[in-house]
Amino acid sequence: MVNKIRHTGIVVDNLQESLFFYRDLLGFEVVKRAEENSSYIERILALDNASVTTVKMTSQDGQMLELLSYTRPSEVKQERKINDIGLSHIALAVKDIDCEYERLRKEAVVFISNPVLSPDGYAKVAFCRAPEGTFVELVEVIQ
């Protein structure tokens, strides 16, 4: 049985742009950066001649996020839609969504919705896109 989620991995095409988003704008802290190109990596990923830079980051509450930037083999970027099959989004808790929404918009973060109160009044939610296209849900629980 699984006892916890260890981390979420996101493949990025521009590591610097993604670091700016996750570290500088959202507040994740970089805990480890590594260049991976061993037979171990090739075996676990089932990719020949794999070379990837990984950056492990943590949120304030200790949740782990891993950014992966492949130099080999190159990937094909496809624009995702929010309702595509598979991993949909990551949800991040914030204290003041209206403030975060305005702050991130000033930094040219693209939102697909403005902050909206849930029908039950429990939370206020807005979706944006990270530089690599991952959907990020920002959630403020109303107390």
Within 28 Å of Gln16 (Cβ to Cβ), touching a residue at least 60 places away in the same chain (Cβ under 8 Å) and not assigned by TED's automatic domain parsing to the domain that holds Ser18, is that true of Glu132?
-> yes
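Being surrounded by fewer than 11 Cβ atoms within 10 Å (Cβ to Cβ), of a type in the set (A, V, I, L, M, F, W, C) and closer than 23 Å to His7 by Cα is the requirement here; does Ile85 meet it? Break it down into steps so the answer makes sense when it comes.
Numbers: surrounded by fewer than 11 Cβ atoms within 10 Å (Cβ to Cβ): yes; of a type in the set (A, V, I, L, M, F, W, C): yes; closer than 23 Å to His7 by Cα: yes.
It is true that Ile85 is surrounded by fewer than 11 Cβ atoms within 10 Å (Cβ to Cβ), of a type in the set (A, V, I, L, M, F, W, C) and closer than 23 Å to His7 by Cα.
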Look through the stretch 1-13, keep the residues that are over 11 Å from Leu68 (Cβ atoms) and among the charged types (D, E, K, R), and return whichever of them is modelled with the lowest pLDDT.
-> Lys4
The stretch 38-63 residues that are at negative phi, paired with ones that are in a loop (DSSP other than H, G, I, E, B) and at pLDDT 85 or above (beta carbon under 6 Å, 6 or more apart) | Met57/Phe28; Ser59/Phe28
Could you check Lys124 against (1) surrounded by fewer than 18 Cβ atoms within 10 Å (Cβ to Cβ); (2) in contact with a Leu (Cβ under 7 Å, 6 or more places away or on another chain); (3) among the charged types (D, E, K, R) and say which number it fails?
-> (1)
Selected residue [of a type in the set (D, E, K, R) and in contact with a helix residue (DSSP H, G or I) (Cβ under 7 Å, 6 or more places away or on another chain)] from Lys124, Lys56 | Lys124
For the stretch 63-72, state whether one or more residues are surrounded by 13 or more Cβ atoms within 10 Å (Cβ to Cβ), among the aromatic types (Phe, Trp, Tyr) and not in a loop (DSSP other than H, G, I, E, B).
-> yes
If you check Arg23 against the conditions, is it assigned by TED's automatic domain parsing to the domain that holds Thr134, part of a helix (DSSP H, G or I) and closer than 21 Å to Pro131 by Cβ?
-> no
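Of these, Ala126, Ala108, which one is among the small types (Gly, Ala, Ser) and touching a residue at least 24 places away in the same chain (Cβ under 8 Å)?
On the way: Ala108 fails: touching a residue at least 24 places away in the same chain (Cβ under 8 Å).
That would be Ala126, the only listed residue that is among the small types (Gly, Ala, Ser) and touching a residue at least 24 places away in the same chain (Cβ under 8 Å).
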Would you tally the residues in the stretch 29-46 being over 17 Å from Thr71 (Cβ atoms) and among the acidic types (Asp, Glu)?
-> 1
For the stretch 29-51, name all the residues that are part of a helix (DSSP H, G or I) and among the acidic types (Asp, Glu).
-> Glu42
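Going by what's in this entry, would Gln16 be described as modelled with pLDDT of 95 or more and either surrounded by fewer than 11 Cβ atoms within 10 Å (Cβ to Cβ) or touching a Cys at 6+ places or on another chain (Cβ under 6 Å) (or both)? Before the answer, list the steps.
On the way: modelled with pLDDT of 95 or more: yes; either surrounded by fewer than 11 Cβ atoms within 10 Å (Cβ to Cβ) or touching a Cys at 6+ places or on another chain (Cβ under 6 Å) (or both): yes.
Taking the combined requirement at face value, the residue satisfies it.
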Please give the number of the condition Val136 fails out of (1) touching a helix residue (DSSP H, G or I) at 6+ places or on another chain (Cβ under 9 Å); (2) surrounded by fewer than 15 Cβ atoms within 10 Å (Cβ to Cβ).
-> (2)
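The values are calculated or read from the model by the stated rules, or taken from the named source; none is laboratory data. The shown structure was predicted, so the numbers you read here are calculated from the model rather than taken from an experiment. Using ideal geometry, Cβ is built from the backbone for each residue, glycine included, and neighbour counts are taken over all protein chains shown.
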